[in-house]
Amino acid sequence: MAVRSPEPARRGSPPCIAVAGEARSGKSSLINVLLGSSVLPTGFNDHIPLPVLVSYASRLSLSLELSNGRRVPTDWLATGLTATHNTRRLRLGLPIDLLETCRLVEAAGFATGCDDLDRRALGICRRAHSVVWCTPAVQAWKASERDAWLMLPKRLRERSILAVTYKDAIPSERDAEQLSARLRAEAGPYFSKIVMIANNRAAALGGQPDGPNTKHLWQASGGAEICAAVRALIAEARP
Amino acid sequence: MIGLDEVRKSALDAERMRGDSPQLQDGAKASCGERPFRWRKDPIGASLEDVRARLSSLATKLHEHVDEPTVPLLHEAQRQLEQACCRIGVVGQVKAGKSTFINALVEQPGLLPSNINPSTAVVTLLNFRHSKAVPECAAVFRLFSPDEWQDLAEGGGNLRKLTERLVPGFRPELLRAQLEFMRKRAERRLGPDFHELLGQCHCFKQTTPELLSDYISAGSDYEATSTSERRRLSDITRTAELFFSDGPFAFPVTLIDTPGNNDAFLVRDEVTRRTLDSPDIFIFVLSALQPLSAADLSMLRLLNGLHKDRIIVFINRADQLADPLGDGLTVKSAVERRLRLEFPTLDIPVIAGSSWWGNLSLLADHIDLRAHLKPSDLIALGGPNPSGGEDRHALASVSQLHLSHALHESSGMPQVAATVTRMMGSSGTAVLLRQIAACFLEIARSTAILTKAELKSLEKHQEVRRLEAMTVSSKIAEEQQSLRLAEERTTALQATFKQIDAHFSELIATGTEALRNDLGQIVHDFSNQQAELVLLSRDHRRNKVDVMPLRGRLEGAYLASCGQMASDLKCIEGFLYPQLQVIVGNLLSNSPAGFLEPPRAPLQLLPSAPLSVAVALDLGEPWWRLWFAANPSSQQKADHLRKLIEDEFTPLIEELVSLAQIRLTERVDYTVQRLNAIVDGMLTGIERRKVLLAAEYSLLTGDGDERSSTKLENELAERVHACSETCAACALFVEELTQIIEILETSAAQTDCPQPTMELAGT
């Protein structure tokens, strides 16, 4: 099987971190947490079946990249934002510091039942420097997720994070312990780190807050931990 | 938000406080009427149960009036009536909330254990037999036999066999590690000599939560320390069966709780696949958070192959959506759209709700519901707010009773109950009842006709007795002659039936042979085509070979071919019956219309269950990657693939063919059995009259005396009396049976026509 090497780091092009997972696993809101601002739509009906590449730009811009490389300015509400043979991905440019050190890409499409989408998502993860795999806490780490993950190159395992999303849906502290014990046993060997995060709450806080009260919330939501973990990945990638 | 664990605990505490034992299912304790929160008006399957009870009492009544040859037919029907039971399988992905759903549906919060990690490790049968008697055993757990354990724990069971067939000589590391883990765990939990437990069957008089958790629950084996001293036997438990004398069902029902599919723990995933073929109705539980993923769809495709129109989709966990009612509707319509796209010919009812709410609503007596709900849910459930906006005071005034009612309505449980009742009306069970009713009708009619004929001749006989001896003698001779003739014709008829039977068998034999060839050809073509693709393809990134289209083609051909055979049989029956009517009409004057009509009951749909058996080609992509790696050249790949497809599907074809053969033979046997019963009844009647006539004759020839003459007189009178009673009774039976069949047909028709789409519970 042909495995492509990671996308050649062009001069000045920061490492790419893919945020992947099955549908509705909290990918978009996790990216929002990392960006510290709710730029990606996360509403119930806002699912966009296209990869989204988020990179640095001096001002906010959103465009649709076609297969031939041409970029067409667009907006989130535009129709026709679907994976077809002539659309490649959405490109979101933002003036955010973090993006000067990395690029984030949302890899939509695992277990969607649409082969083309699934293949694209696999391709994105294969080419990425590392992956943040999102799995929702109440149905965490299913066989289909594991199978998809095992399809990816082994090198990713030591520099990827398993993000257990919707942490707030876990009923009790004891349940959380049991869940993480199982995940450590079943998924631990495939990731460098497992982080639990209440992605919606963390996203609502809008990035690292200053006040003592909100700071506590930010810690409790797991937002602080995921941001630190991703920064560590970036630091590793940049000698 | 509080967890179900807590809810369960408080439920149990509440029970204990009332001074009851923690036994949850005791029928003697909680009769329906005493339960405070029992919203359902009609128990599930009430109409079908009514029919069953009526048929059962009719069988007893019929018994008094029928002739000897018909009795076995009645006994068989009565046995079937007693054993009739609707099996409802609850399936879905791991952690979709299947056990919690069952707890809410049967209105026993906390019955089946649940946990944040996949919890149900054992297929659990919940039997609601609807007998008032408290069952002798409340819980029966069967442990693996030493052989089964050996096969599973040492060998890896079916999964390992499939792997072996796909990639010979390879043992997946993952499976090996998991099996090792399971063996060690069993040893740790049960001691090194746990092998001695294998093959045992454990029965208990009471079901307790602790007991269920010991035998069913996978347990939190990842915890460093064990919290209890109890032995956990779930690793070595094969099946769990629970018996209830109380429950929401009127008709006997067996609910089947299954471990979820798509479980990362491969051994559990395998347990489920084995249980998929038997249920009459499937309730497919989805999570509203990730509805209809690829794993769901592939499981639905399998079910679809099994039971065309007996699937209910329940979207669980609506309570976890940001806007439970609004988003719930969105999910519901998205799921409906997708299902229509995937299965255009099916009408699958979709119900959205929350098992958690269902359980909560049942606990209104014991806990403060408001404390367990999000403010947004309170607003949604609290109903229209007169003051508008999120007025805290207005919310606080929402009464506990109102809230628990709203929770129940929005949980989706009432809608599930209604849908299950509706589906039972056309399930295999209903078809069985209709067949039994039709059979009884036939028996009642033929009994009525034969008895009428006998009555007529007896009356004639009595009349003749008053005439002179000479005339009597000649009349008797005449009657004897006509009886002999009737007997000859009836025996000839019997021989004809034997020929018909042989003809039917031949038809089935040729039909199934053709079916075998057709299906074999389809597999052959498919394997060639796939092998070609491998040879031609330059694309090495193919992930796997999908055999779902092959299953589809096989199912199509199978159903079409069986349909053809069934209609051939029907055609012969349609030709046969009028002829029989003429013959029987000659034998018995005044046979009414409707007697000896071809069976109207449609042939039950032939199940294509074997097609859902997992084959090596169904293994996931990681396995296929091994396969691609194991066969270096394209030619090798193509050859192996061709052989693999043929080897895997040939046994399935054999199973399909023998299934078809069994079902069709059953149908033919049923027809022949009915016909034989009628002819045998006729012969018995003739025999009886011959005996009477012989007695009369011996009287005439002077062998008898006055006493025997009186005796004969009395016998005649008795017989006349019995015959008129039977005639009257049969007329009533016919009336009631016609009514019952009408009821069954109406309820079956209701299911067939598309239902108005149900709105989300509570909106």
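Taking the stated definitions as given, is residue B:113 assigned to a loop (DSSP other than H, G, I, E, B), modelled with pLDDT of 85 or more, under 23 Å from residue B:260 (Cα atoms) and within 14 Å of chain A (Cβ to nearest Cβ)? Full working, then the answer.
On the way: assigned to a loop (DSSP other than H, G, I, E, B): yes; modelled with pLDDT of 85 or more: yes; under 23 Å from residue B:260 (Cα atoms): yes; within 14 Å of chain A (Cβ to nearest Cβ): yes.
It is true that residue B:113 is assigned to a loop (DSSP other than H, G, I, E, B), modelled with pLDDT of 85 or more, under 23 Å from residue B:260 (Cα atoms) and within 14 Å of chain A (Cβ to nearest Cβ).
Can you name the residue in region A:204-232 that is closer than 14 Å to residue A:163 by Cα and of a type in the set (A, V, I, L, M, F, W, C) and is also surrounded by the most Cβ atoms within 10 Å (Cβ to Cβ) among such residues? Reasoning before the result, please.
Here is the first cut: in region A:204-232, the ones closer than 14 Å to residue A:163 by Cα are A:221-230.
Checking which are of a type in the set (A, V, I, L, M, F, W, C) leaves us with A:224, A:226-230.
Numbers: A:224: 17, A:226: 23, A:227: 21, A:228: 12, A:229: 18, A:230: 25.
Checked region A:204-232; the qualifying residue surrounded by the most Cβ atoms within 10 Å (Cβ to Cβ) is A:230.
Touching a residue at least 40 places away in the same chain (Cβ under 8 Å), among the aliphatic types (A, V, I, L, M), closer than 30 Å to residue A:121 by Cα and surrounded by 11 or more Cβ atoms within 10 Å (Cβ to Cβ): does that describe residue B:493? I'd like the intermediate steps shown before the answer.
Values: touching a residue at least 40 places away in the same chain (Cβ under 8 Å): yes; among the aliphatic types (A, V, I, L, M): yes; closer than 30 Å to residue A:121 by Cα: no; surrounded by 11 or more Cβ atoms within 10 Å (Cβ to Cβ): yes.
No: the conditions fail for residue B:493.
Facing chain B (nearest Cβ under 8 Å) and either closer than 16 Å to residue A:34 by Cα or hydroxyl-bearing (Ser, Thr, Tyr) (or both): is that true of residue A:190 in this structure?
Details: facing chain B (nearest Cβ under 8 Å): no; either closer than 16 Å to residue A:34 by Cα or hydroxyl-bearing (Ser, Thr, Tyr) (or both): yes.
So residue A:190 fails the test.
Here is a yes/no grid of residues against (1) surrounded by fewer than 16 Cβ atoms within 10 Å (Cβ to Cβ); (2) touching a strand residue (DSSP E or B) at 6+ places or on another chain (Cβ under 9 Å); (3) away from chain A (no Cβ under 14 Å); (4) under 30 Å from residue B:746 (Cβ atoms):
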site: B:60; (1), (2), (3), (4): yes, no, yes, yes
site: B:88; (1), (2), (3), (4): no, yes, yes, yes
site: B:142; (1), (2), (3), (4): no, yes, yes, no
site: B:147; (1), (2), (3), (4): yes, no, yes, no
site: B:154; (1), (2), (3), (4): yes, no, yes, no
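Name, by its number, the condition in (1) over 27 Å from the mean Cα position of the chain (by Cα); (2) within 14 Å of another protein chain (Cβ to nearest Cβ) that does not hold for residue B:297.
Only one criterion is unmet by residue B:297, namely (1).
Could you check residue B:629 against (1) surrounded by fewer than 18 Cβ atoms within 10 Å (Cβ to Cβ); (2) in contact (Cβ under 8 Å) with a residue 24 or more places away in the chain and say which number it fails?
Unmet condition: (2).
Any residue at all in region A:116-137 that's small (Gly, Ala, Ser) and touching an Asp or Glu at 6+ places or on another chain (Cβ under 7 Å)?
no
Within region A:129-141, does at least one residue satisfy the condition of being assigned to a strand (DSSP E or B), facing chain B (nearest Cβ under 8 Å) and either touching a Phe, Trp or Tyr at 6+ places or on another chain (Cβ under 9 Å) or surrounded by fewer than 20 Cβ atoms within 10 Å (Cβ to Cβ) (or both)? Let's see the steps before the verdict.
Of the residues in region A:129-141, the ones assigned to a strand (DSSP E or B) are A:130-136.
Subsequent filtering for residues that are facing chain B (nearest Cβ under 8 Å) retains A:136.
Filter again for either touching a Phe, Trp or Tyr at 6+ places or on another chain (Cβ under 9 Å) or surrounded by fewer than 20 Cβ atoms within 10 Å (Cβ to Cβ) (or both), leaving A:136.
Yes, region A:129-141 has at least one match.
Can you pull out every residue in region A:162-182 that is assigned to a helix (DSSP H, G or I) and more than 9 Å from chain B (Cβ to nearest Cβ)?
Here is the first cut: in region A:162-182, the residues assigned to a helix (DSSP H, G or I) are A:167-169, A:173-182.
Residues satisfying the conditions are A:167, A:173.
Got a number for residues in region B:629-644 being within 13 Å of residue B:534 (Cα to Cα) and in a helix (DSSP H, G or I)?
Of the residues in region B:629-644, 9 are within 13 Å of residue B:534 (Cα to Cα) and in a helix (DSSP H, G or I).
Could you tell me which numbered condition residue A:185 fails, if it satisfies all but one of (1) away from every other protein chain (no Cβ under 12 Å); (2) part of a helix (DSSP H, G or I)?
Of (1) away from every other protein chain (no Cβ under 12 Å); (2) part of a helix (DSSP H, G or I), only one is false for residue A:185: (1).
Of the residues that sit in region B:33-58 and are modelled with pLDDT of 90 or more and exposed (fewer than 14 other Cβ atoms within 10 Å of the Cβ), which one is farthest from the chain's Cα centre (by Cα)?
B:57
Do the conditions hold for residue B:486, that is, is it among the small types (Gly, Ala, Ser), at pLDDT below 90, closer than 30 Å to residue B:697 by Cα and surrounded by fewer than 16 Cβ atoms within 10 Å (Cβ to Cβ)? Write out each step before concluding.
Details: among the small types (Gly, Ala, Ser): yes; at pLDDT below 90: yes; closer than 30 Å to residue B:697 by Cα: yes; surrounded by fewer than 16 Cβ atoms within 10 Å (Cβ to Cβ): no.
So residue B:486 does not fit the description; no.
If the Cβ limit is 9 Å and pairs must be 6+ apart or interchain, which residue in region B:507-521 that is under 17 Å from residue B:552 (Cβ atoms) and in contact (Cβ under 8 Å) with a residue 60 or more places away in the chain pairs with which residue that is of a type in the set (Phe, Trp, Tyr) and outside any helix (DSSP H, G or I)?
none
The values are calculated or read from the model by the stated rules, or taken from the named source; none is laboratory data. Note that the coordinates shown come from a computational prediction; the quantities given were computed from them, not determined experimentally. When we count neighbours, we look across all protein chains shown, and the Cβ atoms used for this are built from the backbone with ideal geometry, even at glycine.
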